[in-house]
Amino acid sequence: MRFWHFNEQSLHTAWAEIDGPTKVTVPNTYCDPTVAHEFYNRYLDEWMIADDLGFDIMVNEHHASANCMSISCTLTLAILARQTKKARLLALGIPIANRPDPYRVAEEIAMIDVISGGRLEVGLVKASPFELVLSNQSPARLMDRYWEGHDLIVKALTHVGAPFSWEGEFFQYRNVNLWPRPLQQPLPPMWMTCSSEKNARIAARLGYVCATFFNGPKTKALFDSYKDEYLKTHGKPAAADRLGYLALSVCGHNEAQVQERYAKVKTYLDAQPRTPKGWINPPGYESVELNAGALKSGKKGRINFGLPENPTVQEMAEGGIFFAGTPDEIFHQYKNFYDKVGGYGQVLMLGQAGYLTHEETVDSMTLFAKEVAPRLREATAKGAPATVAA
């Protein structure tokens, strides 16, 4: 079992000043570059501490947002490739359907892998719906563009020999010639984010790690679909490290501290829905199946956890959205969810969010690394590879 420290590099001090959406249309007058400088360096320091504590590192990418100033996975990871020593470095993910130049993405992936000594792991994602307006892309053809970009990147990373040309529908290159090649051969470990059973089966066929975010009670069916398809495709059960789950996570020394930290981190969930309504779910972005499910649930927007209006800490933990507690409490929260969904080996921890301070973040990480992670590894190490019951 591996534990990944993640944060979205928010400029959360601006949230209270912003009247309206915190993404896409928010004027950049709300971004003080001197404050952004402090936060960027703070977040990099926390990832370096995570490396020292034995965590692996995950970063993401969004644009024109006070919720996430990480405008490039590869830019952040290029810094961390040099500044860290042991941690695996995960980009989850690079929104290639929005990117104009997938060849450049392949070059950046290879360079980071070489600098880091072969510690990079890569998730190629389509893009958030609210960012399509920023890249001038059509949601209707987004997945076609995604898969062509994906195939080009994979070929560029794995190709050895003379340059090749690429003549596709969306991308054309006369001379693809990757220098340097990635250190990990044939390519770094690949991930996919999956919110549906259909996508989980695609990830299984490709042999990619399947990661799902805040999926709660839907996670077991999604993981089971992955395991079923993996067994059919590869002729062997999927190991637990093929599955990953992301949730908010914070640890405290006592109940009062847990409640205080929980309240600070929970502001992240309050800020996420502050998206221009026309870009929450543009036509063609989501599949018919997912849109139908959202309509049946009666919930608006894309954030739908299926929880009560004002959930308690325990309800958040049972729903797999937010694990918060003392070391003993959070161990049981993670273990209960692990058992409920049939096991997974990649624990993706959104360990800094909202108004959690640097000192609180580091203390929470340290508590988890010393008192929770070893127990979870021991409690799950004896389990057989995750398989679907007949």
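Bear in mind these aren't lab numbers, they're just calculated from the coordinates by the rules spelled out. This one's a predicted model, so the numbers in the text were calculated from it and none came from an experiment. Positions of Cβ are backbone-derived with ideal geometry, glycine not excepted, and every protein chain shown enters the neighbour counts.
Descriptive notes on the structure:
- Volume per residue that the Cα convex hull of segment 194-390 spans, once the total is divided by residue count, Å³: 129
- Modelled spin labels at R375 and E309, positioned 7 Å past Cα toward Cβ, are 3.5 nm from each other.
- Violating pairs (Cα-Cα greater than 28 angstrom) within the set K126/K218; K126/K155; K227/K370; K236/K340; K85/K232: K227/K370; K85/K232
- Around the amide H of V209, modelled in the peptide plane, lie the amide H atoms of M190, W191, M192, all under 5 Å away and 5 or more residues distant in sequence or on another chain.
- At R0 = 30 Å, FRET efficiency that the Cβ-Cβ distance of F164 and S138 yields, to 0.05: 0.60
- Relative contact order, percent, segment 194-390 [alpha-carbon distance under 8 Å, six or more residues apart]: 32
- Peptide packing: for 165-171, 97-103, 267-273, the average count of neighbouring Cβ atoms within 10 Å per residue gives the ranking 97-103, 267-273, 165-171, highest mean first.
- Sorted by Cβ density within 10 Å, fewest first, the residues M143, M1: M143, M1
- Highest mean first, the peptides 149-159, 124-134 sorted by other C-beta atoms within 10 Å per residue fall in the order 124-134, 149-159.
- Of N215, Q257, A204, farthest towards positive along the dipole that unit charges on Lys, Arg, Asp, Glu beta carbons give segment 194-390: A204
- Residue-count net charge about E197 - beta-carbon cut-off 12 Å; Lys, Arg +1, Asp, Glu -1: +1
- Rounded if a/c under 1.5, otherwise prolate or oblate - segment 1-153, Cα gyration tensor axes: oblate
- By the count of other C-beta atoms within 10 Å, a proxy for reagent exposure, L376, L243 are ordered fewest to most as L376, L243.
- Relative contact order of the chain: 20 percent, from C-alpha pairs under 8 Å at least 6 residues apart in sequence.
- Footprinting exposure proxy for V35, V347 (fewest neighbouring C-beta atoms within 10 Å first): V35, V347
- Fraction of the pair-distance distribution of the chain above 30 Å, Cα-Cα pairs, percent: 39
- The residues neighbouring L92, those whose beta-carbon lies less than 10 Å from its own, together hold a net charge of -2 under the Lys/Arg +1, Asp/Glu -1 convention.
- Percent of C-alpha pairs per 10 Å bin in segment 159-247, short distances first: 16, 34, 25, 22, 3.
- Separation of alpha-carbon centers, segment 31-92 and segment 247-278, rounded to whole Å: 19
- Assigned charges on the beta-carbon of Lys, Arg, Asp, Glu; segment 194-390 dipole about Cα centre (debye): 820
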